[in-house]
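Before any comments, here is the structure.
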Amino acid sequence: MSDPLLQAQSVSHTYRRRNRVTHALAGVSFGVRGDEFVCVVGNSGSGKSTLLRILGGLLAPSAGQVQFRGGTVQTPQTEIGFVFQNTNLMPWRTALENVLLPLELQKTPDAQDRARACAALALMGLEEFADAYPAQLSGGMAQRLTLTRALLQEPALLLMDEPFGALDALTRERLNQELLRIHRDRAQTVLMITHSIQEAIFLADRVLVLSGQPGELRGDIPVELPRPRALEMLTWPQAGALNREIRACLATGAQEGKQH
Ligand SMILES: Nc1ncnc2c1ncn2[C@@H]1O[C@H](COP(=O)(O)OP(=O)(O)OP(=O)(O)O)[C@@H](O)[C@H]1O
Ligand SMILES: [Mg+2]
């Protein structure tokens with residue numbers, strides 16, 4: 001088997017603020033192979049966002065390390081794209097200008113870059129909104145814009161923290177389908193946090209389960225549903241069994257969680 005694209009090795013993290021100490025993550029190890037789609041589920045406070053920030057080099061772990069393409073991650077990497085839960089759009093920039101922002105940090109965008117950005121907006125059904133400001137977009141459109149911005153960088157790895165959590169069920173389903181299409185067409189490697197076990201089963205090749213406080217990895221569960229995925233597969237007995245297995249893993253850390 002090929003080496004993983006991303007490897008977390010015994011990653012632990014403790015936040016220290018004045019005299020308050022929070023143990024957020026304890027000894028988390030796993031690998032993500034190129035073109036895998038991995039979802040992370042876990043109770044609130046189990047360290048999911050902390051883990052994502054560490055994987056992307058935005059936060060240094062208290063112990064352990066992260067390897068990306070065999071090198072230790074210590075700072076943000078241009079080959080790792082982010083989509084956060086809040087859309088992070090600049091309100092004074094148009095959709096097109098927001099999409100071009102990460103590129104501007106590297107160079108002055110030329111006509112070719114603008115054309116590529118417009119094509120990416122069109123792919124996400126946002127071509128008519130290139131000149132619109134974030135306040136003029138719906139929640140779903142703003143999330144599609146954030147996704148467009150992350151994908152324009154053509155990141156080897158896309159890290160997402162509950163990207164569609166605030167959206168209505170239908171918009172969320174549509175964006176999930178879009179994400180699966182991108183995953184398939186580009187062989188895009190994705191690691192995505194979600195609160196929804198059903199969403200994780202629908203999207204992922206593997207579901208990682210974080211549980212407890214500090215969060216520990218309590219499950220690494222392969223999803224062997226065929227691709228392309230269809231929503232009706234969630235009604236299959238196999239999906240029901242996965243759902244129960246994930247819930248059982250979540251429950252193993254719940255006792256510790258209750259003490260907080
Ligand atoms: N910047 C910070 N400073 C201090 N403590 C923090 C900080 N960020 C997170 N924590 C604490 O670390 C723990 C894990 O937080 P984290 O945000 O990683 O959890 P999460 O699994 O993403 O939760 P949620 O599902 O609610 O988003 C929590 O107890 C939280 O209070
Ligand atoms: Mg979080």
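Laboratory data are not the source of any read-out in this text; all were calculated from the coordinates shown. Since the model is a prediction, treat every value here as computed from it, not as a measurement. Ideal geometry is used to build each Cβ from the backbone, glycine not excepted, and the neighbour counts take in all protein chains shown.
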- Task: May I ask for the distance between the Cα centers of segment 205-230 and segment 22-55, given as a whole number of Å?
- Result: 11
- Task: Name the shape class, rounded, prolate or oblate, that the alpha-carbon gyration tensor gives for segment 118-200, where a ≥ b ≥ c are the square roots of its eigenvalues, rounded holds for a/c under 1.5, and otherwise prolate holds if a/b is larger than b/c and oblate otherwise.
- Result: oblate
- Query: Between the helical axis of 237-252 and the dominant principal axis of the chain, each derived from Cα atoms, what acute angle in degrees is found, rounded to the nearest 10?
  - Reply: 60
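Can you tell me the convex hull volume per residue for segment 103-260, based on C-alpha atoms, in Å³ to the nearest whole number? Mind showing how you got there, number by number?
Details: hull volume 24.0 nm³, N = 158.
Spelled out: Cα convex hull of segment 103-260, divided by residues, is 152 Å³.
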- Given springs between every Cα pair under 10 Å in a Gaussian network model of the chain, which of Leu55, Leu242, Leu123 has the largest fluctuation? Leu123
- Which angle from 0 to 90°, rounded to the nearest 10, does the C-alpha axis of helix 111-123 make with the longest principal axis of the chain? 60
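What trypsin sites (Lys or Arg not before Pro) does segment 1-73 have in DSSP loop regions with at most 12 other beta carbons within 10 Å?
Numbers: sites: Arg16, Arg17, Arg18, Arg20, Arg33, Lys48, Arg53, Arg69; in loops: Arg18, Arg33, Arg69.
In loop regions of segment 1-73 (DSSP not H, G, I, E or B), the sparsely surrounded trypsin sites (Lys or Arg not before Pro) are Arg18.
Calculate for the chain the 222 nm mean residue ellipticity that helices alone would give, adding -39,500 (n - 2.57) per DSSP H run of length 4 or more and normalising by residue count, nearest 500 deg cm²/dmol. All intermediate terms of the calculation are to be shown ahead of the outcome.
On the way: 8 runs with 91 residues, N = 260.
Computed ellipticity for the chain at 222 nm equals -10500 deg cm²/dmol.
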- Note on the structure: Longest principal axis of the chain (C-alpha) makes with the long axis of helix 169-186 (C-alpha) an angle, in degrees to the nearest 10, of 80
